[in-house]
Amino acid sequence: MIVGDQLSLVDILVATPSIVDQQRLREMRKTGTGDSPDLFTDLIAEGVVSEQRLLEILSEKLELPQADLLNCPPSEEALALIPVELAAHRNCIPIRIEGDHLEVAINNPTDHQLIDDVRLVLLARHNGRALDPKFCLAPKEEILQAIKAYYGVGAEAAERLAIQVQTAELQEELAAVEQEDLIDITIDGESSVVQFVNLLLLEGVENQATDIHIEPFEGRLRIRQRIDGMLYEVPIPAAMADFSVNITSRIKVMAQLDIAEKRLPQDGRIKVRAHHQDYDLRISVLPSAHGEAVNIRILSQHMRVLSLDQLGLDLDDKPQVEDLIERPNGVILVTGPTGSGKTTFLYACLSRVNAMDRKILTIEDPIEYRMDGIIQMQTLAKIDFSFARALRSMLRHDPDIMMIGEIRDAETAQITVRSALTGHLVLSTLHTNDAAGAVARLVDMGMEPFLVASSLLSILAIRLVRVLCPHCRKPVAVDPALLQQVGIAECDCRVEQIYEPSGCDKCRHTGFAGRTGIFEILRVTEPIRNLIQRRVTTGTMKAEAVATGMRTLRQDGWRKVQAGVTSLGEVLRVSHADEFVGSGARPRKKMLKSQDSSKCPARNSH
């Protein structure tokens, strides 16, 4: 055990007969395996005794305290005394310095080599100064999480890279291009660069990140993950800044990009497997002042398609959407910025109408969800297989419903509209800030207003807001003055309190867990068609739509704030203040009369 202690682990457990099978321990004692540090791990792995119970026994018998790593973070001074390689390899972490002692949390006190290594490192790093380790016990998972949090992701890989002096050998390793279509991400038995990149990818998958951003700056490397629409920095060792070129080269090799080209943007893809699941990684490399910046978009090939009920539609909005997607022909547009949930919404619609008596075709870039019963195609720029070219071919297959990933140019817009006029239901997306702005965007592409008016069924704007963590959300009083200031007036049935984020272990101290949608549904009615043909301003059209019952994004978001689903700050973050300008806007009183006060929709104060 600890140096100076003559008891073995078997001795301790034999003296505690109520814990484990004594016959098995006696056999271990006879064979001499009782002093092996592997016994500690084997007992836990085989379920002979739980880790927590074993630590409690050892803490009592060896008089070693148990550390609380979750509430007592290590000091920077202590962390500097144990190298990251030793901490990661031996599963230990320094906590604090107390006089001539360094308190070190370990998981396996039977590991004599660990004890000796820690003492030797302390002597070497203090030039012979008598600084003795004082050991305490902690669960393995807590130590691993602390190493990741305080040393950074890929700590062991960073240390190994720092002592590699043969740059030529490293470059030869990176030049070995992967030939397999599917790369299995692991962290065992790999070289340093490979292990670090795999760790980054595994972290992203485990945290359900949609993107990983690798950004070089002068003297440092920043890595961030986008989780629930927000960016969070990934802690990494400072030494990794020296190897940003090697990391980028490894990713480019995996994506089969040109590692010698550093002046031009490059795009590629990687198919990987992690935790028995397959993922598509979309790689984008951009040249910058301090090196190449890399963005990795993570797409699961087995992501579950959500239903309309799971998207966050209000009870009175869902029937509208169901009615629209049951129409025999017309265009339904979904608008919003990148990452706002447009494609997810379209897939939910397709899932709802996917039936034996309907022929459904899609053209996408990329295919984000695989759906049985639907013919899905992907654009390919290398062979000039674009949205427009695919659309022309799709019409020859006599489809009932077509989904176009995005209307990007005038040709695609023209074919989309003409397909709707010839008896097809077409679903597509467009990048605009709100629903009414989609009309102006189509006209700017060269579409005649009368064609837009006659083909459009509806335009939906979507934003994603984070959902408050139900375990730690806290109530706050409603401030009417603030609501007026941000363009939201309290409805007739006043709300006494709303909720704000707090933060707990279950939500990684963000205060949020998951996301839901807020919607703006503009039905193209006869008055709206007349306005389209008259080429009125976007503000005038939006005012007309609101006057006839449309809820804006901010109004729909305020409903979810009232219901305790999200916070007011989230709604303000993703939506713009509603402003109604233009000669065609209806008087405010008329708009309010058209609303159902029993449902308490938010009313705009402008």
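If you go through segment 426-437 and keep only what is hydrophobic (A, V, I, L, M, F, W, C) and modelled with pLDDT under 95, you end up with LEU430, ALA435, ALA436.
Determine, yes or no, whether GLY405 is open to solvent by less than 80 Å² (accessible area, probe 1.4 Å), out of contact with any Pro (no Cβ under 6 Å at 6 or more places or on another chain) and on the phi > 0 side of the Ramachandran plot. It is false that GLY405 is open to solvent by less than 80 Å² (accessible area, probe 1.4 Å), out of contact with any Pro (no Cβ under 6 Å at 6 or more places or on another chain) and on the phi > 0 side of the Ramachandran plot.
Per the conditions (1) of a type outside the set (Lys, Arg); (2) under 18 Å from HIS424 (Cβ atoms); (3) surrounded by 14 or more Cβ atoms within 10 Å (Cβ to Cβ), the sole criterion not satisfied by ALA355 is (3). Applying the set (1) open to solvent by less than 30 Å² (accessible area, probe 1.4 Å); (2) in contact with a Pro (Cβ under 8 Å, 6 or more places away or on another chain) to THR510 leaves exactly one unmet item: (1).
Could you check, for segment 430-449, whether at least one of its residues is open to solvent by 20 Å² or more (accessible area, probe 1.4 Å), farther than 23 Å from THR362 by Cα, small (Gly, Ala, Ser) and outside any helix (DSSP H, G or I)? For segment 430-449, residues open to solvent by 20 Å² or more (accessible area, probe 1.4 Å), farther than 23 Å from THR362 by Cα, small (Gly, Ala, Ser) and outside any helix (DSSP H, G or I): present. Close Cβ contacts (under 7 Å, 6 or more residues apart or on different chains) running from residues in segment 270-297 that are closer than 14 Å to ARG226 by Cβ to residues that are surrounded by 14 or more Cβ atoms within 10 Å (Cβ to Cβ) and of a type in the set (Ser, Thr, Tyr) comprise VAL294/THR248; ASN295/SER284; ARG297/THR210. Would you check if there is a residue in segment 143-155 being open to solvent by less than 20 Å² (accessible area, probe 1.4 Å), touching a strand residue (DSSP E or B) at 6+ places or on another chain (Cβ under 9 Å) and at pLDDT below 70? Taking every residue of segment 143-155 in turn, at least one turns out to be open to solvent by less than 20 Å² (accessible area, probe 1.4 Å), touching a strand residue (DSSP E or B) at 6+ places or on another chain (Cβ under 9 Å) and at pLDDT below 70. Scanning segment 294-323 for residues that are farther than 25 Å from CYS349 by Cβ and open to solvent by 30 Å² or more (accessible area, probe 1.4 Å) returns a single hit, ASN295. Residue check: ASP116 meets all listed conditions (1) among the acidic types (Asp, Glu); (2) at pLDDT below 80; (3) surrounded by fewer than 20 Cβ atoms within 10 Å (Cβ to Cβ) but one, namely (2). Highlighted here are the strands (runs of 3 or more DSSP E) found entirely within segment 321-428 that include at least 3 residues which are without any contact (Cβ under 8 Å) to a residue 24 or more places away in the chain and not small (Gly, Ala, Ser): 375-378.
Conditions (1) farther than 27 Å from LEU457 by Cβ; (2) among the hydrophobic types (A, V, I, L, M, F, W, C), marked per residue:
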residue: PRO480; (1), (2): yes, no
residue: VAL486; (1), (2): yes, yes
residue: LYS542; (1), (2): no, no
residue: GLY549; (1), (2): no, no
residue: GLN562; (1), (2): yes, no
residue: ARG573; (1), (2): yes, no
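Number of residues in segment 554-566 that are open to solvent by 10 Å² or more (accessible area, probe 1.4 Å) and in contact (Cβ under 8 Å) with a residue 12 or more places away in the chain: the value is 5. Comparison of LEU531, LEU460, LEU451 shows that the only residue that is of a type in the set (A, V, I, L, M, F, W, C), touching a residue at least 40 places away in the same chain (Cβ under 8 Å) and closer than 29 Å to LYS359 by Cβ is LEU460.
Within the set ILE360, ILE367, the sole residue that is buried (at least 16 other Cβ atoms within 10 Å of the Cβ) and at pLDDT below 90 turns out to be ILE367.
The values are calculated or read from the model by the stated rules, or taken from the named source; none is laboratory data. It should be emphasised that the depicted structure is a prediction, and the values quoted were computed from it without experimental measurement. So basically every Cβ, Gly included, is an ideal-geometry build from the backbone, and we count neighbours across all protein chains shown. We work out accessible area using only protein heavy atoms, side chains counted, and drop any ligands, DNA or RNA first. Shrake-Rupley method; radii C 1.70, N 1.55, O 1.52, S 1.80 Å.
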